[in-house]
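What follows draws every value from the coordinates through simple rules; no lab data is involved. Computed from a prediction, not measured in an experiment: that's the story for all the values here. Cβ placement follows ideal geometry from the backbone for every residue including glycine, while neighbour counts extend to all protein chains displayed.
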Amino acid sequence: MIYADTSVIVPLLTLEPKTQAVTAWFAGLPDAPACSDWLLAEFYSALSIKLRTGQISEANAKRVRKEFEALADGGLRIVPVSRSAFRQAAKMVQQHAHGLRAGDALHLAVALELGASHMATLDSTLVANAKRNRIKLIEF
């Protein structure tokens, strides 16, 4: 199973440097990747940042919101975040040398809890920590 974090879903629906690679990868998937409920808040936060910084217009943001809702309703396997995953993420961020932020630690904890064999992420710190936990990475 593949776990996808927010850093991959954002360029799937908005124009970013890795949009073409992510779109091609997603189109070729035989099954929907797993994502946690955390994706919902994190995606809308990223979209709000794009609006505040002028990277996207309100009209485009409205279109992206609709596309995201459709994707979340059927193109992704959205799973709840358990208390255990929150606790594991808290332990991960205490290992300061690993550099994980709370949101990325939560993604990693959920991926581990699900037994994901692969992770799709564009975040270099999350890449290093996924490797440390023996999760294979999708290359973009």
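At most 14 other Cβ atoms within 10 Å plus a DSSP loop assignment makes a site exposed; report the longest stretch of the chain without any exposed trypsin sites (Lys or Arg not before Pro). Here the longest segment lacking exposed loop sites spans 1-100. Farthest toward the positive end of the dipole of the stretch 2-137, out of TYR3, ALA116, GLN88, is the Cα of GLN88, where the dipole comes from beta carbon charges about the Cα centre.
Ignoring lysines fewer than eight residues from LYS131 along the same chain, the ones with Cα atoms less than 25 angstrom from its Cα are LYS18, LYS91.
Binning the C-alpha pair distances of the stretch 89-136 at 5 Å intervals from 0 yields a P(r) profile of 5, 25, 39, 24, 8 %, listed from the shortest bin outward. Here the simple spin-label model places points 7 Å from the Cα toward Cβ, and for GLN20 and ARG132 these points are separated by 3.4 nm.
On the beta carbon distance between LEU29 and HIS98, with R0 = 22 Å, the FRET formula returns roughly 0.15.
Under 5 Å from the amide H of SER36 lie the amide H atoms of VAL79, each residue being 5 or more positions distant or on a separate chain, with H modelled from the backbone and absent for Pro and chain starts. Computed over the stretch 1-69, the P(r) curve from all C-alpha pair distances, binned at 10 Å from the origin, holds 19, 54, 24, 2 percent per bin.
Per residue of the stretch 58-71, what does 6.51 cos²θ - 1.76 cosθ + 1.60 with θ = phi - 60° give for ³J(HN,Hα)? Whole Hz please, x for Gly and Pro, Karplus curve as stated. 3J(HN,Hα) across the stretch 58-71, in whole Hz: 4, 4, 5, 4, 4, 5, 5, 4, 5, 5, 5, 4, 5, 5. The charge dipole of the chain, taken about the Cα centre with unit charges on the Cβ atoms of Lys, Arg (+1) and Asp, Glu (-1), comes to about 300 debye, rounded to the nearest 20.
Each of LEU39, HIS107, THR53 was scored by the projection of its Cα onto the charge dipole of the stretch 2-137, and the greatest displacement toward the positive side belongs to HIS107; charges sit on the C-beta of Lys, Arg, Asp and Glu.
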